[in-house]
Amino acid sequence: MRFLYIFLLLAFNTVIAQKQINGQVFDRDTQKPLPNVFVVNPETNDWAITDDNGLFQLRMPSSKEVSISFKLLGKQEITHNYKKEDLTNKIVVYLQNQNLRLDEVVVTARKGKKFSEITIGKEVIEQVQAFSLNEVLEQLPGQAITNFTLNEFKPIAFRTVRPSSVVNTGFGNKSFGTAIVVDGIPISNNENMQSYGGNYGAPFSPNTLGFGDPATSSGFNGYFSNANFGADLREIPVDNIEKVEVVQGVPSAKYGDLTSGLIKIEQKAGKSPYRLYTSLRDGTTEYGIAKGFKVNDKIGFVNLSVNYLKSNGEPRVSYNQYERITTNLMWSWASKNKNIRNSFSVDYGFNNDNVNYEEEDTDNKIVKNKKKDLSVSNRFKWKFKDSSFFDNLDVNANFRYSDQLTYESKFVNIGGSIVGTSTQEGVYSGTYTLPSYTSVKAVEGIPISSFISADLYKTFNTGDWSHSLLFGTSFRTSDNKGRGRLGSPETMISTFASTNGGSGQGFRPYNYGENIRAEYQFSLYAEDNITRNWENSTFYMNTGLRFDNQFGFTTLTPRINSYYQYDNFKIRGGFGITSKAPSLNQIYTGPRYYDAVLGDYRYPGYYNLGIVQTFIDYANNKGLKPTKSMRSELGLDYKLPFGNLNFTGFYNHMYDGITNEGIPSFRDMAVLDVQYNGTQTPTYQVTGYTPFYYLQSRLVNKFESKDRGLEFFMSFDKTPFKNITFDIQGSYTETVNTDTRDSFERIASTTPRTEKIAVLKPYDENSKSFRLGANINYHLPKAGLVIAVRSEHFIIDNTNYRSGNRLYAYIDENLNKVIIPESERDTHPLLPILSQNNALIDRSLQKVYHNFHLRVSKDFKNGFRFSFYSNNFLDLKQTEDLIDNGVPTKRPKAGMVQLSFGTKIEYQF
């Protein structure tokens, strides 16, 4: 109580003594005052909106140096650092039009000013000429520019060695834990259940997701559905994005439901001219229009934007297409005295993947993945009076409704086969498929989510220390009301076990709306931003604590970021724990049907008798816990006379990751006595049972991954060459992925054995990556011209693991686990018949290779802007020397970017 009394007293005294920062904002070109400029102190979250005369007031913090940002749509956002003595008089700020005729244009991603966050401004986005957020984020350290394609979903993870395929348990967990927040509203993929095989197999397996080349994949939906992965970056166009901030290290306690990174997006709001644009790239075209209106002083501003994109997987053919339509309506309003600001938005999007092989494939295969999204959001800001206990209140709310349909049809001509159709256990007469038919599979999902958060801010001083407090809470729901997995068992060939020992799993429809209940997440969080200034140095610390209840599991996660700056030198560090709830698709896997074909008796023209026994396992994974990540970093910044140097070392440990685990099991399979009666259908009866051994599969929290490495930036603000800027960035990363559970292999043998299932030890998969990049930019302000060349240099790209020789136990006929003596493991009779008896895999890059990319942008005074790009413009065709299992091979470099061109034309009026 004494501590609370002192805290309230200090806060009250601070309120009474608070002073104001007064300022005015002008247009640099017209010298006229600028109204509706959003002015914010990022340290305290104190904000103001300029009035008709460009005037504003902010609360005076105790810090000796104050950072203030000025934002207005169409103007270059600027941030000024002021010493406290400079703020006693009215400050005056001038904003310029945002175009290529600015004195300084930043066209590369830059490290933030506080910790290791990376900021991507509007000009960077324009210069990339991106069609989606994915191409923008490829500019970051550790990422790489890839061959352009929009015909596969695009997840992302940070500070990890990305595998050659996203079908990887480590990358799947990490991308699912990458959070995207748009103006305070998170984009959730927790409700996505577009997986046809959700009731068996691994969560990131091609068997459950159908991931792969749709021309060759036997999976259900090609590589379109991102169930269990992170948000699909293809769905996020960049035309309405003003700024992107990426936090790869330790996020604020305000942000939850994440494990591997945070992407914060700021959208445009305010008055702006008409903007028309079109982009062309390989087989992709994009069209868009945007406009910001000021209705009047009472109603405020209305922003409208429409974006349409169509992309062919191959420019010469159209059998693999992706189509996207996004629309945005935003209404922004501020009260008369500028102390309340509200933004209401409605977003509608349509995404359609369509693959039609009718002309190329005798199976007449058609694959579709359609998604419609409706999102309604409201963002409310209230700046209290100076006499109030709290300074500001932010309330964000969102409701999202989606309609998803994933569909596959193909012609099947395999003759009559037996399938099970019963939804109850027992022995019965199965159904025969037609000799030829069209097989249709579909998943209909209706994901529904809601989110609301409320944040209170308070700034006060205790002596020379400044505190900026945040208290907040959030609540989110996840549900799916779709009809779920659709299809007829009669067209699904999948037998669990037959008389010759075959294995598989049967299909039954599974209704999401009837079997899935809404899941909830509730959180409380608090943090304090502490600042202390001395004559030539500053200490800053952000410390917070977050409580989460995620689907019934509670976690308490501390977060801390801090730095100490002395003159031009800064040392910084961070530590925190984060957590990510499992998806509905991982929790609600549904019952598993195993259809054993006991007999197939046919007498053409008289009878067909297929005898099936069905077993059912009920295997929802309600015990799945949230995945967690311990994140830490240590950094060093130094400001040189000609630029800035930044180093960041990091170590991240993800644990309780989600993977699949086999469960040794057996069932009593019926033994039949079949009686024949001439041309009449035979009769049968069960005379006994024999055990059949198999592996169930369940999802468990038994995956972990460790990432460590070093990132660096070197930016040269001044070079010997006029109008040329230069920067270098690099990333070295080591990743160790471990499935901590045992793996199993059912032993197929023609002779009776006591060993029924082999037990194999876990193994580590080790990867290393070292990449450098450089950007050379030539900017001619008077001509509105920017020429940029980016180089990428891939120095290390290694992966090694020993997946074989891991036998250490077996499961006997009574399901007992029998440990094999260590001296017998290398010579055990089981080894020769195991399919997983593989040797050491060591893939290493023996030769450095390079990519070079060119971008040119030209601004015209009449409102036109023309941009051109060329990836791998030197048309390098490089090979790599690859050592695989000790054998060197030479091949074309995997992932080498092909020569390609594109252009964008924009007109504002």
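The values are calculated or read from the model by the stated rules, or taken from the named source; none is laboratory data. Bear in mind that the values here come from a model prediction, so they are computed numbers and not experimental data. Glycine gets a Cβ as well: all are built from the backbone with ideal geometry, and neighbour counts include every protein chain shown.
Observations on the model:
- Condition check for Asp826: touching a residue at least 12 places away in the same chain (Cβ under 8 Å) and out of contact with any strand residue (DSSP E or B) (no Cβ under 8 Å at 6 or more places or on another chain): yes
- Of all the listed residues (Asn533, Asn511, Asn515, Asn542), the sole one being under 28 Å from the mean Cα position of the chain (by Cα) and either of a type in the set (Gly, Ala, Ser) or buried (at least 19 other Cβ atoms within 10 Å of the Cβ) (or both) is Asn542.
- The stretch 724-781, residues that are hydroxyl-bearing (Ser, Thr, Tyr), surrounded by fewer than 16 Cβ atoms within 10 Å (Cβ to Cβ), within 34 Å of the chain's Cα centre (by Cα) and not in a strand (DSSP E or B): Thr740
- Considering the conditions (1) under 23 Å from Phe229 (Cβ atoms); (2) of a type in the set (S, T, N, Q); (3) in a strand (DSSP E or B), Asn549 is excluded by exactly one of them, (1).
- For the residues Lys294, Lys336, the requirement of being among the basic types (Lys, Arg) and assigned to a strand (DSSP E or B) singles out Lys294.
- Close pairs (6 angstrom Cβ cut-off, 6 or more residues apart or separate chains): under 26 Å from Asn328 (Cβ atoms) and at pLDDT 95 or above in the stretch 394-410, β-branched (Val, Ile, Thr) and part of a strand (DSSP E or B) anywhere: Asn396/Ile185; Ala397/Ile452; Asn398/Ile185; Phe399/Val376; Tyr401/Ile448
- Residues of the stretch 800-834 satisfying the condition of being assigned to a strand (DSSP E or B) and not β-branched (Val, Ile, Thr): Asn800, Tyr801, Arg802, Leu807, Tyr808, Ala809, Tyr810, Lys817
- Filter result (assigned to a strand (DSSP E or B) and of a type outside the set (A, V, I, L, M)) within the stretch 39-63: Asn41, Asp46, Trp47, Phe56, Gln57, Arg59
- If you go through the stretch 164-193 and keep only what is among the hydroxyl-bearing types (Ser, Thr, Tyr) and in a strand (DSSP E or B), you end up with just Thr178.
- Considering the stretch 99-133, the residues that are buried (at least 23 other Cβ atoms within 10 Å of the Cβ) and of a type in the set (S, T, N, Q) include one that is nearest to Gly249 (Cα to Cα), namely Ser116.
- On inspection, Val66 passes the criterion of being in a strand (DSSP E or B) and crowded, with 20+ Cβ neighbours inside 10 Å.
Results for (1) more than 30 Å from Val302 (Cα to Cα); (2) among the aromatic types (Phe, Trp, Tyr), shown as yes or no for each residue.
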| residue | (1), (2) |
| --- | --- |
| Phe224 | yes, yes |
| Gly230 | yes, no |
| Ala253 | yes, no |
| Gly261 | yes, no |
| Glu266 | no, no |
| Gly270 | no, no |
| Ser279 | no, no |
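- Count of residues meeting criterion [part of a loop (DSSP other than H, G, I, E, B) and not β-branched (Val, Ile, Thr)] in the stretch 510-546: 6
- Test result for Pro582, in contact with a Leu (Cβ under 7 Å, 6 or more places away or on another chain), of a type outside the set (Gly, Ala, Ser) and not in a strand (DSSP E or B): yes
- Output for the stretch 241-254, where each listed residue is surrounded by fewer than 21 Cβ atoms within 10 Å (Cβ to Cβ) and either within 15 Å of the chain's Cα centre (by Cα) or over 14 Å from Pro186 (Cβ atoms) (or both): Ile241, Glu242, Lys243, Glu245
For every residue, the table says whether it meets (1) in contact with a helix residue (DSSP H, G or I) (Cβ under 9 Å, 6 or more places away or on another chain); (2) closer than 28 Å to Asn461 by Cα.
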residue: Asp373; (1), (2): yes, no
residue: Arg379; (1), (2): no, no
residue: Lys385; (1), (2): no, yes
residue: Leu393; (1), (2): no, yes
residue: Ser402; (1), (2): no, no
residue: Val412; (1), (2): yes, no
residue: Ile418; (1), (2): no, no
residue: Thr421; (1), (2): yes, no
residue: Glu425; (1), (2): no, no
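- One residue alone among Ser803, Ser767, Ser743, Ser749 is of a type in the set (S, T, N, Q), touching a helix residue (DSSP H, G or I) at 6+ places or on another chain (Cβ under 7 Å) and under 26 Å from Asn660 (Cα atoms), and that residue is Ser749.
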